[in-house]
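Here's the structure, in structure tokens; my notes come after.
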Amino acid sequence: GAGVVPVRAALGAAAAVTTVAAAVGALLGPYDVVRTALAALLSLAAAEALLRRCTRRFGGVTGDVFGGLAETAATMALVVLSLG
């Protein structure tokens, strides 16, 4: 079966993604540091919420769920980034 990612590793990955997003945003200006970091954090939060819902509803995850997570995260990032 599929393994579970340890919480510490997941938080480390989330912190790394947020840091890289903020660093890229810094190239565009101080406001973009916050905007890109927020886009990363909200994308992660939306995907996590969907993952928890699907796990409760379906008792696990499938490839379709993972696809939905990717689409949800990408959509959230684009929405947040388009607000600037």
| said: So for the range 23-33 (the condition being open to solvent by less than 60 Å² (accessible area, probe 1.4 Å) and at positive phi), does at least one residue qualify? | reply: yes
| Considering residues of the range 1-16 that are closer than 21 Å to residue 59 by Cβ and small (Gly, Ala, Ser) only, the residue modelled with the highest pLDDT | 10
| request: May I ask you to list the residues in the range 36-60 that are surrounded by fewer than 18 Cβ atoms within 10 Å (Cβ to Cβ) and either in contact (Cβ under 8 Å) with a residue 40 or more places away in the chain or farther than 17 Å from residue 73 by Cβ (or both)? | output: 56, 57, 58, 59, 60
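Working only within the range 1-31, note down all residues that are in a helix (DSSP H, G or I) and either touching a Pro at 6+ places or on another chain (Cβ under 8 Å) or of a type outside the set (Gly, Ala, Ser) (or both).
Residues of the range 1-31 that are in a helix (DSSP H, G or I), as a first pass: 7-26, 30-31.
Once the filter is applied, which keeps residues that are in a helix (DSSP H, G or I) and either touching a Pro at 6+ places or on another chain (Cβ under 8 Å) or of a type outside the set (Gly, Ala, Ser) (or both), the range 1-31 yields 7, 8, 11, 17, 18, 19, 20, 24, 30, 31.
The values are calculated or read from the model by the stated rules, or taken from the named source; none is laboratory data. Being a predicted model, the structure only gives us computed values, none of them experimental. Every residue, glycine as well, gets a Cβ built from its backbone with ideal geometry; the counts of neighbours run over all protein chains shown. Side chains included, ligands, DNA and RNA excluded: accessible areas come from the protein's heavy atoms. Shrake-Rupley method; radii C 1.70, N 1.55, O 1.52, S 1.80 Å.
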